[in-house]
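Report on the structure given below.
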Amino acid sequence: MARLLLISNGHGEDISGAVLGSGLKEFGHQVDSLPIVGRGHAYLDAGIPIIGSPQQFSTGGIGYTSLSGRITELIEGQLWYLITRIFRLLRIAYKYDLLIAIGDIVPVAAAWLARKPVVSYLVAYSSHYEGHLKLPWPCSSLLSSNHFLSIYTRDEFTARDLTLQLGRDVEFLGNPFMEKLLESSISLPTHDNRIGILPGSRRPELDHNLELILRTIEFLPEKLCEAGDISLDMALIPRLDTSSLQRVAIKSGWILRIDFNSPNFSQLVKGGYTINVHRNSFSDVLRSSDILLSMAGTAAEQSVGLSKPVVQLVGKGPQFTPAFAEAQRRLLGPTVFCASGEPGEISCLRDTAQLTLDLLARLKFDSNLQRACRINADNRLGDFSGGRRIVDSINQLLTEL
């Protein structure tokens, strides 16, 4: 059996890497991981060893951030950290039969420098952004080299585009992060009008996102929420501990109710508003919600893949900025909605709440919206078997090495 190394650069990329790694382990291969951004919690949860001691930075890693975020990246030493991770890869690459690069130019370039056989899942790039994919230099040259045995994309449109650009076969087999939605940890009670809330996963931005979300919820009709006509359910990462959540709640005038018999469940309460907070339950919240109020990346993509409409609430970054949100709408298509206005302005928060209510009502009678969500899910994300198909493809390649 082969020795494989997963190289990824982001929270969503780690999720996909963990799905692929788990599938490849089932074939008997030895799998390690080298997350370049963040601590690689998805790999740890999947029982995949991590090389070295990964670090978490406040911006979530070098990439699509605001100007202040890029300055913060330099101050925090993320560029130097990236260089050290690449040097570590170059020192250990000889041990592996195949490198699997997941993300964008960063893992692609790192894998190419190692001069080992590589497959790449380009989850960070899509031709849907501009209608024609403009890969950053020197990504095209690297992907065209003989070191890259296979290239997988996140959608069919991009696969066709890159096949023409690179002059080689590029495949769309699906998206591994969609398979995570098949997992279940709890069962949420059914509800006719459930708004799922996705505040994101990067701290400290997550804390600021929560403040904006709580302010937005207060523009929903309090009587409807108090009467239970609307269920508000938030998917929250476990790494935002109870004390941190309580600080955010108090700052915003909310009360945190803790259920000591259910460590993964609590409630945020203010007047007639109650938000059910679920930890370790992203899949369940996404599947059971009618509509998602989102300040997230991968979770928003998964929501679209589930044929759910997504309403963006734009923040001040460093990641979920107006520019990031606009790019996300181009990536995910017409069933992602966003109110106009500056982040944090009262008018923007009020309009976001109203937009969410309007779409929630439309879902009950507008068959065109329902059909658009289903079609968009197929076009942008594919079905739930992408991870298995990519694993099978990689395993077939290994038999030919």
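Derivation of every value follows stated rules applied to the coordinates shown; laboratory data play no part. Just so we're clear, the structure is a prediction, and the values are computed from it rather than from any experiment. Every residue, glycine among them, receives a Cβ derived from its backbone with ideal geometry; neighbour counts consider all protein chains shown.
Structure summary
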| quantity | calculated |
| --- | --- |
| Unit charges at the beta carbon, dipole of the chain: most positive-side option, Ala339, Gly40, Ala110 | Ala110 |
| Point-to-point label distance, Phe27-Ser140, nm (Cα→Cβ direction, 7 Å offset) | 3.1 |
| Lys/Arg +1, Asp/Glu -1 at C-beta; the chain dipole; positive extreme among Ala249, Leu149, Ile92 | Ile92 |
| Estimated vicinal HN-Hα couplings, Hz - the range 387-398 in sequence order (Karplus 6.51, -1.76, 1.60; Gly, Pro = x) | x, 5, 5, 5, 4, 4, 5, 5, 5, 5, 4, 5 |
| Rounded tilt (10° steps) of 67-76 against the dominant C-alpha axis of the chain | 60 |
| Per-residue HN-Hα couplings for the range 369-384 [Karplus 6.51, -1.76, 1.60; θ = phi - 60°; Hz; x = Gly/Pro] | 5, 4, 5, 4, 5, 5, 5, 5, 4, 5, 6, 8, 10, x, 8, 9 |
| Cα-derived Rg to Rh of the range 185-380, Kirkwood definition | 0.93 |
| Cross-link pairs Lys308/Lys364; Lys180/Lys364; Lys134/Lys180; Lys180/Lys308; Lys95/Lys116; Lys25/Lys95 - those with Cα-Cα distance over 21 Å | Lys180/Lys364; Lys134/Lys180 |
| Unit charges on C-beta of K, R, D, E only; dipole of the range 185-380, Debye | 320 |
| Reference-scaled alpha-carbon Rg (2.2 N^0.38 Å with N residues) for the chain | 0.98 |
| Given charges at Cβ of Lys, Arg, Asp, Glu: the chain dipole, positive-most of Leu173, Thr321, Pro136 | Pro136 |
